[in-house]
Amino acid sequence: MTLPGFFEGTEMPDPGWWEALWPDPERVIRDVGIAPGMTVVDLCSGDGWFTLQLSKIGRAVIAIDIDGKLLETARVRLAESGRTNCVFIEANAYDLAKVVRDRVDYVFLANAFHGVLDKPRLAGAVHDVLKPGGLFAVVNWHARPREETIVLGEPRGPAKELRITPEETIAVVQSSGLAFQRQIEVPSYHYAAVFERRSTSPAAKEG
């Protein structure tokens, strides 16, 4: 049973699973356009597998997760690596705009969007914390049966009915006012959809 506030099908895997699935997390981060000098939110950051790499590239990182125990694991992971440019916030992802006071350059979300019940609401919260020109990356499992996504010899990832196609992801995020920028393949079983907060709305441009 999914606990209140937790997204369905986003439980943390066994030790070693992230490393097998994402052997080069830095490449994923760079491929979606995260660059030096950026302030980045790692939304639904979990145990910090991507947070650590974000802290090595970005100027500042804000790691947000609803699970305090996972945040503590992430905190230890970064401390052991000597990283001091990350703050950790225990909060519901929907409350992103309430806990991040200053607008940021980038929001990164991996392996969680499939479990979000109110996807437009979350995309709207992301929109509200981005600077004009800021970017949002959604890294999702491809909509394939679990039997086709094998990690460490076993079917892995969320149930097939939770997985959404790139087209579905693009449509729901664009409904928040964010503009689709590009799609990237993330080996072996994921894609990343990248969106931008435009400085003016389409309606304003037309006027």
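Quick note: the coordinates plus some simple rules give every number you see, no bench work behind them. In this text the structure is predicted, and so the values were computed from the model without any measurement. We place every Cβ from the backbone using ideal geometry, glycine too, and count neighbours over all the protein chains shown.
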Check: With +1 on each Lys and Arg Cβ and -1 on each Asp and Glu Cβ, how big is the dipole of region 137-182 about its Cα centre, in debye rounded to the nearest 20?
Finding: 100 debye
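What share of the DSSP beta bridges in the chain is antiparallel, in percent to the nearest 5? Walk me through the intermediate numbers first.
On the way: 16 of 36 bridges.
About 45 percent, rounded to the nearest 5.
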Next item on the list: Along Cα→Cβ, 7 Å out, is where each label goes; now give me the distance between the ones at residue 183 and residue 17 in nm to one decimal.
Entry: 2.6 nm
Notebook entry, point to check: Mean separation of Cα pairs under 8 Å and 6+ residues apart, divided by the residue count of the chain: what relative contact order is that in percent?
Noted result: 19 percent
Item checked: Selected from 96, 52, 162 as most flexible by GNM, with the chain as the system and alpha-carbon contacts under 10 Å -> 162
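With a/c under 1.5 counting as rounded, go ahead and sort region 32-206 into rounded, prolate or oblate using the C-alpha gyration tensor (a ≥ b ≥ c being the square roots of the eigenvalues; past the cut-off, prolate if a/b is larger than b/c, else oblate). Show your work: numbers first, answer last.
Working: a/c = 1.65, a/b = 1.03, b/c = 1.60.
Because a/c hits 1.5 or more and a/b fails to exceed b/c, region 32-206 counts as oblate.
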Next item on the list: Quick one: go through region 100-138 and flag any residue whose amide nitrogen is under 18 Å from the point 7 Å out along the Cα-to-Cβ line of residue 175.
Entry: 113-128, 138
Notebook entry, point to check: Rounded to the nearest 500 deg cm²/dmol, what is the calculated helix-only ellipticity per residue at 222 nm for the chain, with -39500 (n - 2.57) per DSSP H run of length n ≥ 4?
Noted result: -8000 deg cm²/dmol
Next item on the list: Compute the signed sum of charges (Lys and Arg +1, Asp and Glu -1) over the other residues within less than 14 Å, Cβ to Cβ, of residue 28.
Entry: -3
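Under 12 Å from the Cβ of residue 92, count the other residues' Cβ atoms, weight Lys and Arg +1, Asp and Glu -1, and hand me the total. Please report the intermediate quantities before stating the final value.
Values: positive: 98, 121; negative: 65, 67, 90, 95, 118.
After counting each charged neighbour, the total is -3.
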Notebook entry, point to check: Hey, got the dipole for region 32-206? About the Cα centre, +1 on K and R Cβ, -1 on D and E Cβ, debye to the nearest 20?
Noted result: 420 debye
